[in-house]
Each structure stands twice: as C-alpha cells, then as structure tokens.
Amino acid sequence: MNVHTCAHSGQGCREGDITLRVESGDKRVKSKSWSKILYVAAGSDPFQLIERGVTAAARLSGGALPLTQKKLPPSLDVFGWCTWDAFYSTVSAQGIQEGLRSLNRGGIRPRTLIIDDGWQTTDVGPEYRQTPTSELAEALHLSAQEQNLLRSTEQDFYNESLEVLAETAVQLSPGTSSGNLMPGLSNLGTEGVRQPHHQPSTDVTNTINMQGSGAESGTTSAVAEQAASGQQQEAGLRAVTIARAVQKMAGFFVGLGTAAYLLIYQWVVEPAAPGSWVVKGFTKLASGPFRPLLLDFFANASDFTRRLTSVRANGKFSHPDAGPGDEWKSQEERLGTVVAHMKQRFSLDYIYCWHGLPAYWAGVMPGAPDLEPLSATIMYAEPTPGVLEVEPSMGWNPAVLAGVGVLPDPGSLYNKMHSYLRSSGVDGVKVDCQAGVGLVGSALGGGAALSHRGGAALSHRFHQALEASVLKHFPDNHCINCMCHSTENLYRMLKTSVARASDDFYPRDPASSLPHLAACAFNGLFMSVLVQPDWDMFHSKHVSARLHAMARAISGGGVYVSDKPGEHDFELLRCLVLPDGSVLRALQPCRPTRDVLFNDVLRDNVSLMKLWNVNPYCGVVGIFHLQGSSWDRTRRKFFEHDKGPRPLTGQVRPRDIETFTRKHDAVKANSVVGKQQEGVDLHPSAVKYAAYTMTGKELYVLGHDQPLNITLPSATGELVIVSPILHVTEQGVSFAPLGLCDMFNGGGAVRSCNLQPRAGISDTSGGVSRSTASVNSAVMPAVHPSALCFEVQVHGSGRFLAYCNVAPSGVTIEGLELFFTYDPTSGAVYLEVPATKDLNNTLHFMF
C-alpha cells in the first residue's frame, strides 16, 4: 500500500496535525483497519536510527533484506559506458563500437557496457502500424506495386512533422511533466529528430530497379513486358513525386498542429493546479476525443506505447557492424556474436542489457508469435488520488491511455529473456519502469497491497520473479533496479542490491542538474539501508560535468557516463578512472552530513550540501553549492528560481565523517573511565587529521572538531580527503597518507597504513606491540627513530600525497628508492607511484 502524510491545512489537516491517507492501489481493496501502517522510532544518531527504522519497515512490509546482507555486483568497481544519452533507442552494434573506440582512443577504458533501450524487438498495436502514406495509397486505390512505391515516401512525412516538433521543443522548457504526455519530448532537439522506430528507410530508385530486373531478354514477350513495366514505373514515379509533395505538406501541417497543441499544453495545462477545472477538463479530453491523437503521437514519436514482441534482439544486432540506418529489419539477430566481438575487441568485463519490469514500456504484445504462450493481457493503469495530486499528468499517461500488456506469470518471461541474454554472453540487466507496475495493480488487486484473498500483490509478484531469474542467470547479482522509488518496489528487493536513486540525468535541461545531485543524496539516505544507490549516468562534456563527476566519485556506487562518440572530457575522466579501467569506489553509500540533514540545499540561499563517506583508511567530505534551481511543484518542472546565487561559505570538519566520530567518541569514553594502554595517550584532544582540498590543492592539519572554511561560487564543489594522523610520541614523528591527489576520491587509493620496524633494527619499544595502525588512532607506541617505517598499501598510479611533520629519510617501492619532494611549511610529501601490472603497490616511508 501507499501511505501519504498530510501536514498542512491545504490538504484537509489542521495546522500542526499529521494525517495518514492509505491507498491500496485498487478501489476494491478496502479495510477499516491496517495492522502495520506506521513505524515510529527515536534515537540520538540519525544514521543508526534510519537504518533501524527502514530495516524494520521493510521487514514488516515487503521483506527486503538490508544492504549489509546482500552481495554487490563486481561491476561497481570498474568504469562503465551506457548507450542511452549517446544514442537513445537508435542504439546499434555499430554505434556501440564507435562509442567504445572513442573512449579507448583517449586512454579511458570502459570495462562495463550497458546497452540501454533500443536493442529489443518491439512494436506498436496493430491499429497504429499503418503510416499516413499507407492510408493515402489505399484511399487512392493504387495497385500493390504503386502502394509499395508510395509507402517508400513515408520518411518525408515523418521528417517534416518531426522537424517542426523539434523546433517547438527547443522553445519549451525541458524536463517538464510533458514527458508523461509525450515521452522523450525533453530530449527532442533539431539534431534528435526520430526516425520511424525499428523501420528502415527504402531507396525508391533501388526499389524500382529491383522490380524491373526480372524481365527476360531476347523475346518479343520479354520486350513487351519490359515496356509495360517501364510504363508502370513511369506512372509509379509520377505517383511518388505527387505523394512526396503531399506528404511534405501534410507532415508540415501535422507538425504545426501538434506543435500548437504542445504550446497550449505547456502554457495552459502544465501550470494548472491539481483538481482544477483545466486539469479535470483535459483529463476527460485525453481519455475521450484527444485519445486517438495522443495515442497516434505516442506510437510515432515515442517508445512508451510499444510492446515486446520477442525476447531476441532486433536486426541492429545482426552483426558487429550493423547500423541503425541499415536494411536490418529482415536480418536475423546475432546478439551473441556482437557481444563476443565487443568483449574481445574492447576487453569488456561486463555487459548489461536494459529491459522494463513489465518487459517493455507498454508490456508484452498479446498474440505475438514468439510470446503467445505467455498469455499477455492488456490492463489499463488507474493512478490513485494521491498520485494525481502530486502529478496530475499521470491521468493521461501512456499506461493509462494505451494500457500495459501484463503476464499472469512474469517469471516465464524473465526466464525466457534472461536465458537468451545469458546464452549470448550478457552478464546482467538494468530493469527500468518499475513504478508503473504498481499503477496497473488497480486492475489486479492493488499494486502495493494484498488482494482480498491474501494473494501476492502485482509488484511483489514481479519482483519475486525478477530476482529468482537474476539469481539463476546472473549469479553475481548483476542487476540495476531503475525508476523504483515507491515503497512497493523498494521493500520487495529481497536480494538485488543496486537501485537508481533519482530521476534521469537530463543533459538538455540545465535546471535539472543541481536538483539531480540533491535527490540522489537525500533519497540515498533512506535507500542506502536496503540498496546501494545508483546515481545514474552523466556526460563528461557538460556544463555540470565536474560537479556530477565529483559526486559520483564519492557516492559509493558505480561510475559510468553516456558520452556521445567523440564528445569526452578526458582530463575529467582521468580524475575518475585508473589506467586499468577500475575506479576508486568508497566503502559505503555516501550520505548527507548530520548538520545539513534538515536544510534546504536547493532553495534557502544559505546552505551548502555536504556528503560524507569512508575508504579503507581515509575519509572524504564533498561540499557542493546547489542553490538556484529545484523542482517546482506548481509548475511541475525543474525551474531556475535564482539566476545568480551568491557565493556561500561552509565548514568541513573531520567529525563530519561519522565513522571517525564514532571511533573518536569511543576513545573519549575510554579516556573518561581511565582506560589507558601502555605507551598510548588516548585523550581525544590528541587526535589530529590531515585534510587536503582536491580543487584548492591545500593541505591542512585539523582537530576532530576544528572547522575548515570553504567558499564556493554557484554550481561548484570541493572534495576534502581526511586522513587520521599517526603520531609516535617519543620521537615526535607524525604521518598520514592521503592518496592519489589528482583523483577525485584519491583517498580510496590508500588500502592500509602500518607502522613497522626497519630491517636489521632491534626492538627498543620496551616490549610494546607494534600492531597495525587502526583508523583514527591518536598515537603510536614509542619506537627508536632509526626504526621508524610506515608501510602504505596503495592501489593505483600517479601523484601520491602524504603528510609528515618532518622530512622522511627515504621512500621506497619494492626496495627501489623513489624521488620525492617535501614542503616543510605544509608538511606535504609528493611522489610518483608508477603504473604496475595490477596497480597494487607497497610504499615504505622511513624516518
């Protein structure tokens, strides 16, 4: 069930009251009481409180296991490239090769490939398969040959109408809820005019030549047939010439009419309040007179009413060089050949394929020969009143108007599809459009609730089937859940461990870039209890690229881009990706620091967003200026409410990293009760940290609660590596490794730091054990200066930074001396870690 809270009088609540409205998702599922509807808990640690509360709610509601009990797919540790924003649904084997080749040429090696929407075999309903050209040909009562010639002109109609729409789309504010009205509009531009989906163009001249090539020569009858054929061709050409002119004119007026309709929708319907006469009237029109128009547009300009007709790939994957414009429709697919070629040529470790939870956007096509045994049925979504209050356009969503092809046994589909993918060499799946399944539950006993007879809810049934198939076919848990933020989805993720944390990254909508980061961070606060939040792909060559790259570097999730071939910022990518294609992924999902948990980091014009995470040794704090744009609930779109936000100053403290704070508090508690270890001062005032700003390139020494002031202009950020300083008391030597200082999460390169005696030097510490230095240790036992050696395990290569209060006597790697520089003012030691075969190195800092 869905639970909505109401905390203000505008929704029928008294000021200060909290009212719960419970929606089962089906008008027939009613009850006077619900036994498990609200979970309340209290505590002093917000992160532990959320972990305890979400875990309990999931256990009571859907049974999802916490992330700590799940297996993370190994693909998270390597860099990836996704085809979506690069090609959208025109993706092909040829295009994938272009994208991978382009990245490799710049020295960046993707090791994960995500083949997004566009690889599957889909179609619209039978009533929308006829093109305007076909209708014109039949109306003119032309012969079959003339009809074929006339149909070949259909491209003119589409080009004319969609060019008008593209010009209109540029004038509209992107990222609006018009995506619900016309999916894909926000990504429509003059360079993005869609071709008829899964329908190759045909050259008229070639068609005519082929049709006339069968005549025999050397006989009178053959000559006569050729003459007759020539007359037919001439007549056909005249018909085609006329038809092309008609089609271009018709396309222009259709595009103009639709564009006018879009503008009215944008400026009249879009800003109308939920429940207003405008919304109510448009809803009735959309389900009545406008329905054929909307469905025709969906069928010709989007993918959202298309249904799956086969689990096999389409002909754009018939061979490794198959392109989107080739005559591939009649070609037999060879996805396995394409996958094997890609893995061998580009040294890919993992390939994922996209599909929807209902198979495709509009589900499975009833009666499709390849899927007929699955018995798909068209069900029409019915959004609940609570959903319509948040987003009225769901009332005319494609799933509402066109319906979704739903299966009684989704497991049969997943097993069929995943078995095919696995046999083709595919390693995992990205499963999209999950929240839409709950909407269709209105016809099947509720999308989130249990039915009258206690049977499984629809989304529960789909998730159980999905996870069983993933476990069977992709044993390393290679699955990315997507568009799944409703609790009926999140609470049913028993085994899968990765889920998208936000809406899409919209490359053409500047107003959406900053809210995207805030949504990932704050959604991740709750989602991270159950799954590793996925922050989605982004573009390395984009006005907000640096911000998005820094945030993903410390997110704890996967790092992957969707650059178009040839459009890359390789300097930026080298801040994320190591030479072997791996990334320095942090250990946990990143979360907002406790001092910004209740701040409006997008609209209060005061707060910066701060995020924290930990690595094997170091911690990291990201601080971002996101003020200026947000999701506007009145306009129902991303909106720049402040064109010029002023610079803001925030403070970063080592205590922002909760792992450090908990260990610091433990030391403090031990100190208070007088628990002392021989040779070690546990008083918390002795704890110091080295802090390095990645953008500012400055090194500081801070106490646990000592602030570092950072001033940021709008739409910029800073990453601060924080490393506990190990201090040897008697010799007065302090040391802290900070990692690869030219990479965004460079502290992730430090895997361990130990204090060890140098070879041949006797132990003079009075018998005190020299155990491995743990994170946040205040001091180390006294050791003779000539015996001091800090051993640092490092993954990666490049410029390495460490803090020392005195210059080392030497630094070695595998017994070889390394050149280093030392700055006595800041205590910075810089050296170059060479690139070895596996990028794992051991550094020895000697004093």
| said: If the requirement is being crowded, with 16+ Cβ neighbours inside 10 Å and under 31 Å from the mean Cα position of the chain (by Cα), which of these qualifies: 390, 311? | reply: 311
| Tally of residues being surrounded by 13 or more Cβ atoms within 10 Å (Cβ to Cβ), of a type in the set (A, V, I, L, M) and touching a Gly at 6+ places or on another chain (Cβ under 6 Å) across the stretch 34-83 | 3
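This table checks each residue for (1) modelled with pLDDT under 95; (2) aliphatic (A, V, I, L, M); (3) not assigned by TED's automatic domain parsing to the domain that holds residue 474.
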{"position": "372", "(1), (2), (3)": "yes, no, no"}
{"position": "393", "(1), (2), (3)": "yes, no, no"}
{"position": "399", "(1), (2), (3)": "yes, yes, no"}
{"position": "402", "(1), (2), (3)": "yes, yes, no"}
{"position": "427", "(1), (2), (3)": "no, no, no"}
| task | Grab the helices (runs of 4 or more DSSP H) fully contained in the stretch 357-432, keeping just those with 2 or more residues being of a type in the set (Phe, Trp, Tyr). | result | 410-423
| request: Go through the stretch 69-128 and give me each residue that's over 20 Å from the mean Cα position of the chain (by Cα), touching a residue at least 12 places away in the same chain (Cβ under 8 Å), assigned to a helix (DSSP H, G or I) and within 30 Å of residue 369 (Cβ to Cβ). | output: 93, 94, 95, 128
| query | Here are some conditions: (1) under 16 Å from the mean Cα position of the chain (by Cα); (2) closer than 26 Å to residue 600 by Cα. Residue 497 meets all but one. Which one does it not meet? | reply | (2)
| message | Checking the structure you have, find out if any residue of the stretch 571-579 is under 30 Å from residue 645 (Cα atoms), assigned to a loop (DSSP other than H, G, I, E, B) and in contact with a Leu (Cβ under 9 Å, 6 or more places away or on another chain). | response | yes
| query | Among the numbered criteria (1) in a helix (DSSP H, G or I); (2) modelled with pLDDT of 95 or more, which single criterion is violated by residue 439? | reply | (2)
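Results for (1) over 30 Å from residue 347 (Cα atoms); (2) surrounded by fewer than 24 Cβ atoms within 10 Å (Cβ to Cβ), shown as yes or no for each residue.
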{"site": "488", "(1), (2)": "yes, no"}
{"site": "494", "(1), (2)": "yes, yes"}
{"site": "509", "(1), (2)": "yes, yes"}
{"site": "520", "(1), (2)": "yes, no"}
{"site": "524", "(1), (2)": "yes, no"}
{"site": "532", "(1), (2)": "no, no"}
{"site": "541", "(1), (2)": "no, yes"}
{"site": "576", "(1), (2)": "no, yes"}
{"site": "580", "(1), (2)": "no, yes"}
| query | Being hydrophobic (A, V, I, L, M, F, W, C) and over 20 Å from residue 501 (Cβ atoms), is that true of even one residue in the stretch 530-543? | reply | yes
| task | For residues that are closer than 26 Å to residue 301 by Cα and among the polar types (S, T, N, Q), tally how many sit in the stretch 334-366. | result | 0
| task | For residues that are charged (D, E, K, R) and over 16 Å from residue 83 (Cβ atoms), scanning just the stretch 104-120, find the one that is surrounded by the most Cβ atoms within 10 Å (Cβ to Cβ). | result | 109
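The values are calculated or read from the model by the stated rules, or taken from the named source; none is laboratory data. As the structure is a prediction and not an experimental result, all values here were calculated from the model. Neighbour counts are summed over all protein chains in view; Cβ atoms, including those assigned to glycine, are modelled from backbone coordinates with ideal geometry.
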